[in-house]
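Reviewing the structure listed below.
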Amino acid sequence: MTPEQRSNFMRRIRSKNTRPEMLVRRFLFSHGFRYRIHAKTLPGTPDLTIVGLRTCIFINGCFWHGHEGCSMYKMPQTHIDFWSHKIARNKQRDHENLLALKAQGWHTIEIWECQLKPKEKEKTLQGLLRTLNFISLQNQGARLTYNFDYEEERSLAAEEDTNIS
Ligand SMILES: [Zn+2]
């Protein structure tokens, strides 16, 4: 890697408001979610925080966060010690941040850069939506279950009436 390539690389992987991040933000916003960006008061400064769902979302660059088994996580041919040490430290820190958030009662979701590639992104974003809906149901607990049952009974009753007449 030339020094120039290396600095491009560094800039790309460290920066906030990256393309993958913007993709997730736009998707969530268009689905009615509102979120805080880079909440510095929380462990790891989560990329997105949906306070109402008590959920933090991290959008991880595959190289910088060491995505195991991922084709986007390839060690550069030079300065291998430097990079592997740095990435091991990042992974350790990510792990500690997730534990700290969980201990404070936050749900955490990690999305990898490779999961937002054109071929993958639709599946990933739909999965994210399902996960957030699930968390929402979980947080609301029993009261919502009761409402569901009630609505279902009513609509069944209405259908029967139609069949009879
Ligand atoms: Zn990856």
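Laboratory data are not the source of any read-out in this text; all were calculated from the coordinates shown. On a predicted model such as this, the values are computed, not experimentally measured, just so you know. Please note: Cβ atoms are built from the backbone with ideal geometry, for glycine as well, and neighbour counts cover all protein chains shown.
Computed from the C-beta positions of residue 77 and residue 29 and an R0 of 35 Å, the FRET efficiency is 0.30 to the nearest 0.05. Kirkwood analysis of segment 3-140, using all unique Cα-Cα pairs, places the hydrodynamic radius at 16.0 Å.
Given 16/86; 86/123; 40/74; 74/121; 74/102, which pairs have Cα atoms separated by over 23 Å? Exceeds cut-off: 86/123; 40/74; 74/102. Using only Cα coordinates, the Kirkwood hydrodynamic radius of segment 52-132 works out to 14.1 Å. Length gained on full extension, residue 41 to residue 70, computed as 0.36 nm times the residue gap minus the Cα-Cα distance: 7.4 nm. The length gained on full extension between residue 22 and residue 136, counted as 0.36 nm times the residue separation minus their Cα-Cα distance, comes to 38.8 nm. Compared with the alpha-carbon gap, the fully stretched path from residue 103 to residue 120 is longer by 3.0 nm at 0.36 nm per residue. Annotation: peptides 105-113, 68-76, ranked by per-residue average of other Cβ atoms within 10 Å with the highest first, follow the order 105-113, 68-76.
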